[in-house]
Each structure stands twice: as C-alpha cells, then as structure tokens.
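Visitor: Have a look at this one before I ask anything.
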Amino acid sequence: MKLKPIQLIHTAFCVAVFIFGAVTLFINKDILVFSTQMANEGALNLLFPLIGLISISIGIFLYNRMMAGIDETDSFETKLTKYQTAFLVKCALFEAGALLNIVACFITGNSIFMVFAGISFLALLMSRPIKEKIVEELKLQYPDTENL
C-alpha cells in the first residue's frame, strides 16, 4: 500500500488549490470583472498567466527528465522513491502556477486569471497517480506490482 500516501499528497495539493480559489472568488464576488485587457491594468499582469503556463511546461519537463534517470535495474524501493520525488516536483510546479494566478485574481479582481489557474488545476488533477500508470512508467514486474 505504498500508493496511498502519494495519492493523499496529490489530493492535498488539489484541495489546497480548490479551496484557495473558492475563497478568493467568495471574497471578491462583488468586485470581480472578466477582462482580457490585462496590459491596461499593469504590464506585470501579463506575466501571471505566462508564468502559470511555463510552470506546467517546466513541471512536465522535469518530471520526464527525472523519470528518465530511473534505471530498470534499480530496486523497487529506489524506483518508487525516485518516482515520488519526480511526482512531487511536478505537482508543486502545477500548484505554484495555479496559486500564482489565484493571487493575481485576488489582487486585481480580474477573473481572467482564474482561467489560467484552472488550466494549472486541471493539469494537476490529470496527474493523479494510479497503479496502472505507475506500473507502466516504472516498468514494474509481478512481485513489485503487488507491493504498490
């Protein structure tokens, strides 16, 4: 049952983003606007969506890079430890992009930032660790698949 802790951590990442976004929308409900004229409000506002999208790209890149460093001859424990590290890095970067855009929405009242937070949030949701995906990515064989 080594999969449960990483699934719990993933759920915590998702819940944190969702609750922060919901609270932000609730607090700003009276002043929210949806404007694509972000540059008029401040040139730095264009950076928030860009950083959010870049954090997704970097998360995927680092995850793939770290997964490529896992040798098939490594022990199950070593493979799982390296997988968990790569997974947490990816989730942290996805969450960072979402939280940054939620903060931008909170500060400016422009809900366009929630669209970009939603993109990061969806990427985070879709990265949920499931047994079949981990077995495939780590190329695990029978005795190790039962330990997961």
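The values are calculated or read from the model by the stated rules, or taken from the named source; none is laboratory data. If you're wondering where the values come from, they're calculated on a predicted model, not measured in any experiment. With ideal geometry, Cβ positions are generated from the backbone for all residues, glycine too; neighbour counts draw on all protein chains shown. Note: areas computed on protein heavy atoms with side chains; ligands, DNA, RNA excluded. Shrake-Rupley method; radii C 1.70, N 1.55, O 1.52, S 1.80 Å.
Visitor: Counting only heavy atoms of the protein chains, get the accessible area per residue of the chain (1.4 Å probe) and round it to a whole Å² value. Please report the intermediate quantities before stating the final value.
Guide: Numbers: 8310 Å² over 148 residues.
That works out to 56 Å² per residue.
Visitor: Provide the per-residue ³J(HN,Hα) series for the stretch 57-66, in order, calculated from phi with Karplus coefficients 6.51, -1.76, 1.60 and θ = phi - 60°, each as a whole number of Hz, with x at glycine and proline positions.
Guide: 4, 5, x, 5, 4, 5, 4, 4, 5, 5
Visitor: Right, here's the next one. Which of the peptides 133-141, 26-34, 114-122, 97-105 is most tightly packed, and how do the rest follow, going by the mean number of other Cβ atoms within 10 Å of each residue?
Guide: Numbers: 133-141: 14.4, 26-34: 11.0, 114-122: 20.2, 97-105: 23.9.
Sorting 133-141, 26-34, 114-122, 97-105 by mean packing, highest first, produces 97-105, 114-122, 133-141, 26-34.
Visitor: Rounded to the nearest 0.05, what FRET efficiency do GLU77 and VAL115 give with R0 = 41 Å and r taken as the Cβ-Cβ distance? Could you check?
Guide: Details: r = 41 Å, r/R0 = 1.00.
Plugging the Cβ-Cβ distance into 1/(1 + (r/R0)^6) gives 0.50.
Visitor: Using the Kirkwood radius over C-alpha pairs as Rh, can you work out the diffusion coefficient of the stretch 52-139 via Stokes-Einstein at 25 °C, viscosity 0.890 mPa s, in µm² per second?
Guide: On the way: Rh = 13.9 Å.
It diffuses with D of about 177 µm²/s by this estimate.
Visitor: I need the phi-derived Karplus couplings for the stretch 15-26: 6.51 cos²θ - 1.76 cosθ + 1.60, θ = phi - 60°, integer Hz, Gly and Pro marked x.
Guide: Coupling constants for the stretch 15-26: 5, 4, 5, 4, 5, 4, x, 5, 5, 4, 5, 5 Hz.
Visitor: As a test of reading the structure, rank ARG128, ARG65 by solvent-accessible area (1.4 Å probe, protein chains only), most first.
Guide: Details: ARG128 90, ARG65 155 Å².
Greatest to least solvent exposure: ARG65, ARG128.
Visitor: Run lengths n ≥ 4 of DSSP H only: what is the helix-derived mean residue ellipticity at 222 nm for the chain, with -39500 (n - 2.57) per run over all residues, to the nearest 500?
Guide: Values: 7 runs with 113 residues, N = 148.
One gets -25500 deg cm²/dmol as the mean residue ellipticity at 222 nm.
Visitor: For the chain, which whole percent of the accessible surface, found with a 1.4 angstrom probe, sits on carbon and sulfur atoms? Working shown, then result.
Guide: Numbers: 5750 of 8310 Å².
Carbon-and-sulfur percentage of accessible area, whole number: 69.
Visitor: Kirkwood Rh, the chain, all Cα pairs: how many Å?
Guide: Computed over the chain, the radius equals 16.6 Å.
Visitor: Connecting C-alpha atoms closer than 10 Å in a GNM of the chain, tell me which of PHE76, PHE87, PHE13 has the biggest fluctuation.
Guide: PHE76
Visitor: If amide H atoms are built 1.01 Å from N in the plane of the peptide, which residues on other chains or at least 5 residues away come under 5 Å of the amide H of ASN110?
Guide: Under 5 Å from the amide H of ASN110 lie the amide H atoms of VAL33, each far enough along the sequence or on another chain.
Visitor: Show me, for the stretch 7-12, the HN-Hα J-couplings you get by feeding each phi into the Karplus relation (A = 6.51, B = -1.76, C = 1.60, θ = phi - 60°), rounded to Hz, glycine and proline as x.
Guide: 5, 5, 5, 4, 4, 5
Visitor: Under 24 Å Cα to Cα from LYS133, which lysines show up? Leave out anything in the same chain fewer than 8 places away.
Guide: Cα-Cα hits under 24 Å: LYS2, LYS4, LYS79, LYS82, LYS90.
Visitor: To the nearest 0.05, how large is the calculated FRET efficiency for SER57 and ALA22 if R₀ is 30 Å and r is the Cβ-Cβ distance? Can you show the working numbers first?
Guide: Values: r = 26 Å, r/R0 = 0.88.
Plugging the Cβ-Cβ distance into 1/(1 + (r/R0)^6) gives 0.70.
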